[in-house]
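Here is the structure we will look at.
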Amino acid sequence: MQKTTKRLYLIPVLSKALDILELMQSENQPMTLEAVHRQTRISKTTVYRVLKTFVHRGYLSQSPDGLYRQVTRPTKMRFGFGSQSADMPFSVEVTESLKDAAASVGVDLVILDNQYDAATAIRNAEEFVKSRVDLVIEFQVEQEVAPVIADKIAAAKIPLIAIDIPHPHATYFGVDNYRCGFEAGTTLAGHAEKNWGGKVDWMIGLDLPEAGSLVQSRTTGAFEGVKSIFPDVPVECFVRIDGRGMRDKSKKLVADFLTRHPKDKHILIAAANDTSALGAVDAVRAAGREKHVAIVGQDCIAEAVTEMHKDKSPLIGSVSHETSSYGPSLIHLGLSLLRGQHVPPYNYVDHKMVTKETGSRE
């Protein structure tokens, strides 16, 4: 008779983690790392990492004296996220980063699409309140309705984090818009200095006034960046155009501008985002004016990186807002708020200029 052995599909590290948790439950008193190591005979390194993981996930707490205690398991946190738009590449990247970060720490994420629309953003805020989420992360483009959204969420006593566009009662999270714009401006000016002998006929800001003054400071910063290198460019050569961050609208507006100025050969464009910048690229390419125009965008989306690496592309750079850092930072910020920890009112993420010469955003 052949003897068969039943195979056990076990995960060794998980078994060790459960041994540690069961020990804490049975002892039901504060324990040191050394005591846990001694009683379980699990390596001290593994014990340390398992204990830290349980603390991070809320199963244990650690006091200032280093003792670990079992705590009542809290209800799983639910964060509401109003995404800017599923049709905007930068918004999609932020959403994916946030989803991954939430999953890694056991936070449930309720995602509603604001669809780049004010009325939709208000309805979504009302849905978050109705659903009684623990915290709301708001990413919407209309500064005009920010007080409406913020008031509804504050009335429900729900903490609010606002991405890129300040909202009343909210903790701000995003880039330093002025500095991002300034770096875009100096990059454009450097291009003019290197390729056009320092000549600048026009400096155009493809603006996003609907987003409010803070996001508009990207254009302000870009203008100041150009002025810092070319202080003698006349003020009337600096023009703001409302591209609304949209590709088709930006394409039409830039095409109209190029038609009105057929002989100008030194045109710099700083766009509020890459979607708008790509619209400008479309217009420039259609007019055959690639040599006459230099464009820098914001967000460093994948399509923009591909475009700037094309031969003779007018898109010479984009400011990366490092979207991969958004998710972990937002989740950490949200958990800190819910734990009553002090957080600064403005939380800036890192940014960096990416050009064809510097390589990919990675």
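Listed values, structure above:
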item: Residue match in region 318-330 (condition: farther than 24 Å from residue 234 by Cα and among the aromatic types (Phe, Trp, Tyr)); result: yes
item: Members of region 36-68 found to be without any contact (Cβ under 8 Å) to a residue 40 or more places away in the chain, surrounded by fewer than 16 Cβ atoms within 10 Å (Cβ to Cβ) and of a type outside the set (S, T, N, Q), listed by number; result: 38, 41, 44, 48, 49, 52, 55, 64, 65, 66, 67
item: Which listed residue, of 119, 101, is closer than 24 Å to residue 276 by Cα, assigned to a helix (DSSP H, G or I) and small (Gly, Ala, Ser); result: 119
item: When residues of region 87-136 are limited to those that are among the β-branched types (Val, Ile, Thr) and within 22 Å of residue 148 (Cα to Cα), the one farthest from the chain's Cα centre (by Cα); result: 129
item: Qualifying positions in region 192-211 - crowded, with 22+ Cβ neighbours inside 10 Å and of a type in the set (Gly, Ala, Ser); result: 192, 205, 211
item: Residue that is touching a Cys at 6+ places or on another chain (Cβ under 7 Å) and not in a loop (DSSP other than H, G, I, E, B), where the choices are 305, 354; result: 354
item: Qualifying position, being polar (S, T, N, Q), under 12 Å from residue 206 (Cβ atoms) and part of a helix (DSSP H, G or I), among 276, 325; result: 276
item: Test: residue in region 51-60 that is basic (Lys, Arg), in a helix (DSSP H, G or I) and more than 25 Å from residue 102 (Cα to Cα); result: no
item: Residue under evaluation residue 174, criteria (1) at pLDDT 95 or above; (2) crowded, with 17+ Cβ neighbours inside 10 Å; (3) among the small types (Gly, Ala, Ser), criterion not met; result: (1)
item: Hey, residue 265 more than 24 Å from residue 97 (Cα to Cα), without any contact (Cβ under 8 Å) to a residue 24 or more places away in the chain and part of a loop (DSSP other than H, G, I, E, B) or not; result: no
item: Residue 219 vs. criteria in contact (Cβ under 8 Å) with a residue 12 or more places away in the chain, surrounded by 16 or more Cβ atoms within 10 Å (Cβ to Cβ), within 28 Å of the chain's Cα centre (by Cα) and under 18 Å from residue 355 (Cβ atoms); result: no
item: Selection from region 282-302 of residues that are part of a strand (DSSP E or B) and either surrounded by fewer than 18 Cβ atoms within 10 Å (Cβ to Cβ) or of a type in the set (Val, Ile, Thr) (or both); result: 293, 295, 296
item: Qualifying residue in region 144-164 (condition: modelled with pLDDT under 95, more than 16 Å from the chain's Cα centre (by Cα), closer than 21 Å to residue 246 by Cβ and not assigned by TED's automatic domain parsing to the domain that holds residue 212); result: yes
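The values are calculated or read from the model by the stated rules, or taken from the named source; none is laboratory data. The model shown is predicted, which means the values in this text are computed figures rather than measured ones. Every residue, glycine among them, receives a Cβ derived from its backbone with ideal geometry; neighbour counts consider all protein chains shown.
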